[in-house]
Each structure stands twice: as C-alpha cells, then as structure tokens.
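Have a look at the structure below before the remarks.
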Amino acid sequence: MNKVLVLLEHDGTTLRPSSGSAIGFARELSDEVTALLLGEDLGAIAAEAAKYAPVLTADHESLSQNVADRWAHVITEVARSQNAELIVATSTTWAKDIVGRSAGLLGGAMASDVTDHEITDGQLRLRRPMFAGAVNATLILEGSPKIITVCPSAYNAPKPADIPFLIETLSVDASTLPSATRFESLDCKKGARPDVTEAHIVVSGGRAFKNAEDFEKYVGGLADQLGAATGSSRALVDAGITPNSLQVGQTGKIVAPELYLALGISGAVQHLAGMKNSRVIAAINQDPDAPIFEFADYGLVGDVYKEVPRLIEELNGS
Amino acid sequence: MKILVPCKRVPDPDQKLRLNADATDIDGSAVTYILNPFDAIAVEEALRIRETAHPEAEIIAVSIAPAEGETDLRTALAMGADRALLIEHEGQIDPWNVARILAAVIHQEKPALILMGKQAVDDDANQVGQFLAAQLGWPQATFVSKIEFTTDGLRIHRETDIGIEIIHVTLPAVVTADLRLNEPRYASLPSILKAKKKPTEHSTPAKLGIKPEPRIRLLGMELIDSQRTCEKVTTATDLLDRLRESEVIE
Ligand SMILES: Cc1cc2nc3c(=O)[nH]c(=O)nc-3n(C[C@H](O)[C@H](O)[C@H](O)COP(=O)(O)OP(=O)(O)OC[C@H]3O[C@@H](n4cnc5c(N)ncnc54)[C@H](O)[C@@H]3O)c2cc1C
Ligand SMILES: Nc1ncnc2c1ncn2[C@@H]1O[C@H](COP(=O)(O)O)[C@@H](O)[C@H]1O
C-alpha cells in the first residue's frame, strides 16, 4: 500500500483525539501517510496534526461547517489529485457521514468499523463486526481507492514526532462546491467528562435509573470519582434521560476501555456490540440472570441505588 | 410527491445465528427475517408525511432480496406503503451495488425524497444512503431524528456524536433515519389482509441495466461468544478490591 490519506476530524479548535487511531492504522500499512484537514482557520489544528504526519489543508470560509456534500466533494478531488490508494478515518458519526459520501464518489470500496487487519499474500485483509458483533467477518476490498474507517478502540495514535512534518495549503475553488445543504446550528452538549470513546474507564447506566437527576447523581457521581466517562444504554437515550452522544452499542458508539462498568443494564446484544471488547467488564444488576453477567468479569447482584453510593463513598474515603 | 423507501430484510436479531458449512456467510436456511428496524422507521416517517404535509404523496417500498423477500416487503405495504418493488437477487450484495441498483430505480421512478434506514442491522455498514446520495449528486441528511418541510426543502435534526445538528437540504434528497425519528406503527390485521391485494412488481438488476461489481469480498466469518467467566462478588468493597487487583482502578 503506497499513498495513504488520513482524514482528521476536528471541532474547529482542536483535533478530535480519536483521529489518532486512523493515523496509527495508516502507519502500520504505509510510510507514505498524509493527513488531510478541511475547514476554516486551520492554523493551530494543522500544527497539532503535523506532529503525526505531513498535512494538507483545504482552508476556506466555504468549508467552515462540515457539510457532507461539500466536504466529500473536496476530499474526493484531493484523493484523486494525490493518487491516494487508501483513505482512512476513525469511525465516528462525522466519518460515517462525510467519508461514506466520499467513498460513494470514489467507487464504493469501503469497509466500516474495522477492528483488525493483516496482510496475507500481499492482500490487505480486514476484520469487522457484523450482526451486532455476533459475527467477526474477514474481508478484502476490491478496487481502488480503498476507504476504511477504524474503530477508535482498535488502534492507538503514534507518538508525536519531535520535529513537526510539513504543512501544505491546497487551493479551494469555492465556485465548484455543491450548495444544496445549509448548516444551521449545532447544539453541542460538551460536558466536563471525557468522551465515551476516548476514556480509559466508562461508567454506563441503563434503565435502572429513573430520571436524569438520578443518572447524574449515581452514574455521573461514580464516573467523577474514577475520572471516567459516562455512557448509557439506548433505553435511557430513548427515554430522553441521556443524550444520544452517550449511547453505547451497535447503533451508538463502540468502545473498548480498560474498564467498563455496566450499572442496571440488562446486556441486550445491541448493547454488548458496543462494549464487549473492553478489557475488564464489571456489572451491577439486581437480576442474577441478566445476560450482562455472561459478558462480565465481575458481577455484583444488587440494587444500583444502594450499591453505587457505597462505591462512591469507599472511593471518596480512600 | 413520490417518496421511495428502500427496505432491507435482515435476520431477526433475537435469534442465535449459525454459519454455513464453509463459514463464508450465516446459515440462511434456519433464519427468520424481519424488515430492518431502521427501514421500518423510514416507512413510518413516509406515512406521517403523507398524513400531514403531503396527503398526495405516493410511497414506494423497494427491496433487493431473493424472491422470498416479498414477505418482508409486504410489511411495508401493510404499514401503509402504496406499492412495492422487489429487485430479485440471490446471495450477498454489498452496499455499493445496492446503491447502484437503487439509483437505477430512482432514475425510473423519479422520487423527490428517499427515506431509508441509517444502517442495516445485519452488515452494520451504514453506507448505502451516503453512497446513493453521492451517486445521484443529491444532498444527504444522515442519522435524522426530526424532519420539517420548508418552502424550499427540509429542515432536519441530525444526531451526531457531539450533539444535535440542524441542517437544511433542498429536494430531491436522501434522508437516513435514526432510532429517535419515530416509533413505527404495527400493521393491523385488516391492513395486513389488504396489503395482500396491493401490487408488488418484480424486476432484476439486469433488467435495470446493472451488473453487480463486487467491492467487498467476504473471506470468512467467525461467531463471537463471550470469552469471560463472571466472578460474582457480594459487596461493593469486594468489587473495588477485584478492580484494583485487575489494575484498572487505583
Ligand atoms: C435496531 C436496534 C438497535 C439498537 N441499538 C442499541 C444500541 O446501540 N445500544 C443499546 O444499548 N441498545 C440498543 N438497542 C436496544 C436494546 O435492544 C435494548 O432494548 C437496550 O439495550 C436495553 O437497555 P437497558 O439494558 O438499559 O434496559 P433493560 O433491558 O430494561 O434492562 C434494565 C436492567 O436493569 C436492571 N435493573 C432495574 N432496576 C435495577 C436496580 N434498581 N438495580 C440494579 N439493576 C436494576 C434490570 O434487572 C435489567 O437487567 C437497539 C435496539 C434495536 C431494535
Ligand atoms: N438489499 C437491500 N434492499 C433495499 N434496501 C437496502 C438493501 N441494503 C441496504 N438497504 C438500505 O440501505 C440502508 C443502509 O444499509 P447499510 O449501508 O447496509 O447499513 C438500509 O437501512 C436500507 O434502507
């Protein structure tokens, strides 16, 4: 694999930390890795990215918001002009939307949520979960370029270089960009806690928690004692108790922290799909037969409303 | 206004899957299928659009599946879709080729809106909507939890990792549904019976001028079971002790 283009996600101010996974994956495959950043006023973000790879920036006011049709158009042009054979990003909603569309412009040889790879007989073999993680599939992509999104938990960012790589600014012809989509607003609920995909410990709550106050008090309280992120099952997202960004699972986020603590979560396949590769899993559930225990290393049968305060108290005291 | 709703049949997630003899696919012989849950949400949204903003709307459900897939397309008819189109295809087909076939159908039917699931819960690819929008050159709105009609298009709420984003797209457009868009209705018995009389057209990729060009070659599959044995502890203190021994907390 020669030329690899890594698409980096950012929030307008800093790189999304999970973007490092895509660079780590790309580096395992090639020495010719270039990072691509789109947006407006990219100076500081490009400098951050240049610690990991040479950077190309498409920096233009018409790209100030990450609107899929525009961004995919630019990504496609850059991929073609760079003769990229492989395009990589970390699997997030941003990548699914924008990189997915880019792949649709570049011939559709795409694999999502890749968790592992190997090169056999010169062929890049990729592994990814299917059927809510019940199946691990091995596949190869036919055609070029190949587009791959990797699970953030599956690959680590490389170490930053002492001497930064070069940054090159590309010209953007705004007159050729699609204009059928207009960004209106983003209601960004940025909490003080780490992102669920980027934390070493995730404390997750399920339907056992009756309302947002209880979730914050028990799940949030325990997470804060552990410096952890909070996550939740779909049941709480559906009930409006937790925001969508906390949902772990097949149709939410796939996480694999050092420790996943499941509090009052039954362990539906769709939830397991998002967390079963965590290093250590512990569960508290009042039902001794809850399926979550089959996927846990440690289980405590009990009432979360009683056990979680005990955990918080003991951690607080120690 | 025509609304096209791609509908995939997928193995019911509430069953234990087995693999075929050479472990290249699941064993389809013992599987029960359902309409992909996200596609049911897309059908529901189309029905609500017909019930409110656009009473004249015609809702067309389209599936690429083997002939037996007609059963699951009938679910969309029973929910209230006006007609159904089955593109018969045996065996695996990847998102790129699904999108090509759907694009060919769209060139014939000329709908103003494609409403579809964000993800099929068998391949979990989350690709077809984006591929289709790219191929058509239409705007896309993925992971949608709310749709409002405006004078010149759709105002849309999207569920992203970092929060709810609001965008506006002109029509025609491709919209992919997230779980919170709505709760799909159950088809009543009379509507199931009535659906039996609604037309289902059959076609093939070849008749649409499409020869599948595989982009994904599946080499093998492995069933994943839990590798863990759970040690039950009886107190919060014991739990913390175990977690400290595992060196995951301090
Ligand atoms: C297409 C599709 C996609 C989906 N995607 C996802 C996904 O990505 N992520 C996801 O999580 N789900 C997803 N789901 C939903 C999933 O099937 C389950 O419904 C959901 O995970 C259940 O959430 P839960 O475990 O919190 O609730 P429940 O299943 O209701 O479980 C609650 C648990 O809490 C225990 N409990 C109750 N009170 C207490 C107490 N006081 N103390 C201790 N324990 C208590 C109960 O014993 C029970 O085990 C999806 C479903 C579909 C159909
Ligand atoms: N065989 C198919 N027939 C009809 N629609 C499909 C098919 N495969 C995928 N789709 C549509 O594309 C969406 C996303 O699928 P996927 O990209 O495979 O996760 C699904 O929710 C369906 O709406």
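The values are calculated or read from the model by the stated rules, or taken from the named source; none is laboratory data. What you are looking at is a predicted structure, and each value in this text was computed from that prediction instead of being measured. Cβ coordinates were reconstructed from backbone atoms using ideal geometry, including for glycine residues, and neighbour counts include every protein chain displayed. With ligands, DNA and RNA removed, areas are computed over all heavy atoms of the protein, side chains included. Shrake-Rupley method; radii C 1.70, N 1.55, O 1.52, S 1.80 Å.
So for segment B:27-42 (the condition being over 17 Å from the mean Cα position of the chain (by Cα), within 16 Å of ligand 1 (Cβ to nearest atom) and within 14 Å of chain A (Cβ to nearest Cβ)), does at least one residue qualify?
Going residue by residue through segment B:27-42, those that are over 17 Å from the mean Cα position of the chain (by Cα) are B:27-31.
Keeping just the survivors that are within 16 Å of ligand 1 (Cβ to nearest atom) gives none.
No, segment B:27-42 has no match at all.
For segment B:107-117, taking the residues that are within 14 Å of chain A (Cβ to nearest Cβ) and open to solvent by less than 20 Å² (accessible area, probe 1.4 Å), the one that is farthest from ligand 2 (Cβ to nearest atom) is identified as B:L113. Every listed requirement among (1) in a strand (DSSP E or B); (2) closer than 27 Å to A:R16 by Cα; (3) open to solvent by 30 Å² or more (accessible area, probe 1.4 Å); (4) in contact with a helix residue (DSSP H, G or I) (Cβ under 9 Å, 6 or more places away or on another chain) is met by A:I119 save one, (2). In the condition set (1) open to solvent by 30 Å² or more (accessible area, probe 1.4 Å); (2) within 14 Å of another protein chain (Cβ to nearest Cβ); (3) assigned to a strand (DSSP E or B); (4) closer than 19 Å to B:V62 by Cβ, B:E201 is compliant with all but (2).
Please state which one of B:L77, B:L73 is at negative phi, of a type outside the set (S, T, N, Q) and in contact with a helix residue (DSSP H, G or I) (Cβ under 6 Å, 6 or more places away or on another chain). Show your work before the answer.
On the way: B:L73 fails: in contact with a helix residue (DSSP H, G or I) (Cβ under 6 Å, 6 or more places away or on another chain).
Going through B:L77, B:L73 in turn, the sole match is B:L77.
The criterion of at least 3 residues that are surrounded by 21 or more Cβ atoms within 10 Å (Cβ to Cβ) and of a type in the set (A, V, I, L, M) is met, among helices (runs of 4 or more DSSP H) falling completely within segment A:24-112, by A:43-49, A:68-81. Looking only at segment A:55-70, decide whether some residue is in contact (Cβ under 8 Å) with a residue 24 or more places away in the chain and over 29 Å from B:W138 (Cα atoms). Checking segment A:55-70: at least one residue is in contact (Cβ under 8 Å) with a residue 24 or more places away in the chain and over 29 Å from B:W138 (Cα atoms).
The condition of being more than 11 Å from ligand 2 (Cβ to nearest atom), outside any strand (DSSP E or B), of a type in the set (G, A, S) and surrounded by fewer than 22 Cβ atoms within 10 Å (Cβ to Cβ) holds for B:A103. Taking segment B:25-59 as the range and being more than 19 Å from B:R74 (Cβ to Cβ), of a type in the set (V, I, T) and open to solvent by 40 Å² or more (accessible area, probe 1.4 Å) as the test, only B:T52 passes. Looking across segment A:257-270, the residues that are in contact (Cβ under 8 Å) with a residue 60 or more places away in the chain and not hydroxyl-bearing (S, T, Y) come down to A:P257, A:L261, A:L263, A:I265, A:V269, A:Q270. Of all residues in segment A:5-17, exactly one satisfies the criterion of being in a loop (DSSP other than H, G, I, E, B) and either open to solvent by less than 10 Å² (accessible area, probe 1.4 Å) or not assigned by TED's automatic domain parsing to the domain that holds A:D116 (or both), namely A:L8.
Does at least one position in segment B:165-173 carry a residue that is more than 8 Å from chain A (Cβ to nearest Cβ) and in contact with a Phe, Trp or Tyr (Cβ under 6 Å, 6 or more places away or on another chain)? Break it down into steps so the answer makes sense when it comes.
At the first step, the residues of segment B:165-173 found to be more than 8 Å from chain A (Cβ to nearest Cβ) are B:171-172.
Then drop every residue that is not in contact with a Phe, Trp or Tyr (Cβ under 6 Å, 6 or more places away or on another chain), which leaves B:172.
Checking segment B:165-173: at least one residue is more than 8 Å from chain A (Cβ to nearest Cβ) and in contact with a Phe, Trp or Tyr (Cβ under 6 Å, 6 or more places away or on another chain).
Does segment A:176-193 contain any residue that is away from ligand 1 (no atom under 13 Å from the Cβ), more than 14 Å from chain B (Cβ to nearest Cβ) and either among the acidic types (D, E) or not in a loop (DSSP other than H, G, I, E, B) (or both)? There is no residue in segment A:176-193 that is away from ligand 1 (no atom under 13 Å from the Cβ), more than 14 Å from chain B (Cβ to nearest Cβ) and either among the acidic types (D, E) or not in a loop (DSSP other than H, G, I, E, B) (or both). Restricting the search to strands (runs of 3 or more DSSP E) fully inside segment B:31-98 and requiring at least 1 residues that are aromatic (F, W, Y) gives B:33-35. For segment B:2-17, a tally of residues being assigned to a loop (DSSP other than H, G, I, E, B), open to solvent by 50 Å² or more (accessible area, probe 1.4 Å) and at pLDDT 95 or above returns 1.
Within segment B:166-179, the set of residues being out of contact with any helix residue (DSSP H, G or I) (no Cβ under 9 Å at 6 or more places or on another chain) and over 23 Å from B:I106 (Cβ atoms) comprises just one member, B:I166. Considering segment B:50-97, and only residues there that are within 14 Å of another protein chain (Cβ to nearest Cβ) and in contact with a strand residue (DSSP E or B) (Cβ under 8 Å, 6 or more places away or on another chain), the residue that is nearest to ligand 1 (Cβ to nearest atom) turns out to be B:P95.
Taken over segment B:85-99, the residue count meeting the criterion of being open to solvent by less than 30 Å² (accessible area, probe 1.4 Å) and more than 11 Å from ligand 2 (Cβ to nearest atom) is 0.
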